[in-house]
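Each reported figure results from applying straightforward, stated rules to the coordinates on display, with no laboratory input. Please read all numbers here as calculations on a predicted model, not as lab measurements. Glycine gets a Cβ as well: all are built from the backbone with ideal geometry, and neighbour counts include every protein chain shown.
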Amino acid sequence: MRCKLCGRPAYIKLHYPRMYLCEEHFVEYFERKVQRTIEKYKLLRKGEKILVAVSGGKDSAVTAYVLNKLGYDMECLHINLGIGEYSEKSEAYARKQCAIIGAPLHIVRVKELLGYGIGEVKTRRPPCSYCGLTKRYIMNKFAYDNGFDAIATGHNLDDEASFLLNNILHWNTEYLAKGGPLLPGEGKFVKKVKPLYELTEREVVAYALAVGLEYIVEECPHARGATTLDMKAMLNEMEEKRPGTKMNFVKGYLRKRHLFELREKVELKECKVCGMPAQGEVCSFCRFWGLEKPLDFRVRRG
Ligand SMILES: [Zn+2]
Ligand SMILES: [Zn+2]
């Protein structure tokens with residue numbers, strides 16, 4: 001098959017919209033789509049300082065690569081979770097990716113910072129639950145301490161569709177209020193954006209390959225990933241039969257999201273330890289890690 005635009009041999013067959021593209025035109029298509037997503041949902045403005053959270057995986061690497069190529073002012077943050085060899089490998093990939101991109105990379109190591117890696121803490125909480133809490137806190141505090149205007153993450157269309165489907169199956173309505181490509185900043189919460197929101201996982205993989213980004217393929221050893229993978233497989237099966245299923249599902253959600261939003265907002269206080277937003281006296285991060293002094297992520301710039 002041949003590229004719809006230039007007639008050269010096709011690199012990829014897109015399912016929705018259905019067309020064949022050569023490598024060069026696919027790369028162009030992908031980048032234009034990221035730019036359009038940013039404009040359509042008003043995610044970022046030129047001149048804003050953006051922190052990209054790079055995990056070593058494909059999605060965040062592609063996010064950093066494209067934002068840099070589109071001319072955004074961006075730097076990267078890698079959080080080493082202290083999960084043995086898996087984390088060492090992830091960090092090595094993040095370093096390689098940022099070297100290719102030519103973006104400054106900051107690294108925070110959970111084990112050095114807090115004494116234990118994820119999975120080493122004696123607690124009843126499953127690792128994935130306090131891992132998520134820890135990552136979200138560090139990302140936000142790092143961005144806040146260093147004056148970033150936004151945090152960009154690598155969530156793609158498949159991630160969003162499977163997140164929504166899973167939460168609908170369990171009727172987790174409080175989570176269903178929190179989807180979407182943009183979480184506006186508020187007080188000490190830095191704005192969060194998902195520039196790959198309308199691109200499929202398959203397109204992200206094809207793009208990474210086309211521009212020569214290598215990434216970690218293994219799943220985290222703690223991952224409860226099975227459910228997400230089942231959801232994704234189910235959605236892909238639907239997509240095969242009815243192209244556009246994922247996109248329509250997600251866009252329909254964006255139109256109906258208000259149905260899940262809480263009428264009363266929870267009043268947030270300031271954490272007694274770190275001063276960041278908290279539901280009680282002490283924020284869930286400082287409480288979990290038993291902190292008595294706030295963490296300071298300010299980077300000295302020469
Ligand atoms: Zn072409
Ligand atoms: Zn705190």
Exercise for the section: Hey, could you check the range 247-271 for residues that are part of a loop (DSSP other than H, G, I, E, B) and hydrophobic (A, V, I, L, M, F, W, C) and say which is surrounded by the most Cβ atoms within 10 Å (Cβ to Cβ)? Expected result: Cys271
Problem - Cβ pairs under 7 Å, 6+ apart, first in the range 176-197 and under 16 Å from Ile38 (Cα atoms), second of a type in the set (A, V, I, L, M, F, W, C) and assigned to a loop (DSSP other than H, G, I, E, B) - result: Pro181/Leu43; Leu182/Leu43; Val193/Leu43; Val193/Leu44; Pro195/Leu43
Completion exercise
Note on the range 67-105: residues without any contact (Cβ under 8 Å) to a residue 60 or more places away in the chain, hydroxyl-bearing (Ser, Thr, Tyr) and part of a helix (DSSP H, G or I) are Ser87
Exercise for the section: Name the single residue, out of those in the range 225-254 being within 22 Å of the chain's Cα centre (by Cα) and of a type in the set (Lys, Arg), that is nearest to ligand 2 (Cβ to nearest atom). Expected result: Lys232
Fill in the blank from the handout: Matching residues in the range 229-246 (surrounded by fewer than 18 Cβ atoms within 10 Å (Cβ to Cβ) and in a helix (DSSP H, G or I)) number 8
Problem - Subset of the range 271-280 (residues that are near ligand 2 (Cβ under 9 Å from one of its atoms) and either free of Cβ contacts under 8 Å to residues at least 60 places away in the same chain or touching a helix residue (DSSP H, G or I) at 6+ places or on another chain (Cβ under 7 Å) (or both)) - result: Cys271, Lys272, Val273, Cys274, Met276, Ala278
Handout entry: Count - residues of the range 281-302 that are assigned to a loop (DSSP other than H, G, I, E, B), more than 9 Å from ligand 2 (Cβ to nearest atom) and within 23 Å of Pro127 (Cα to Cα)
Key = 2
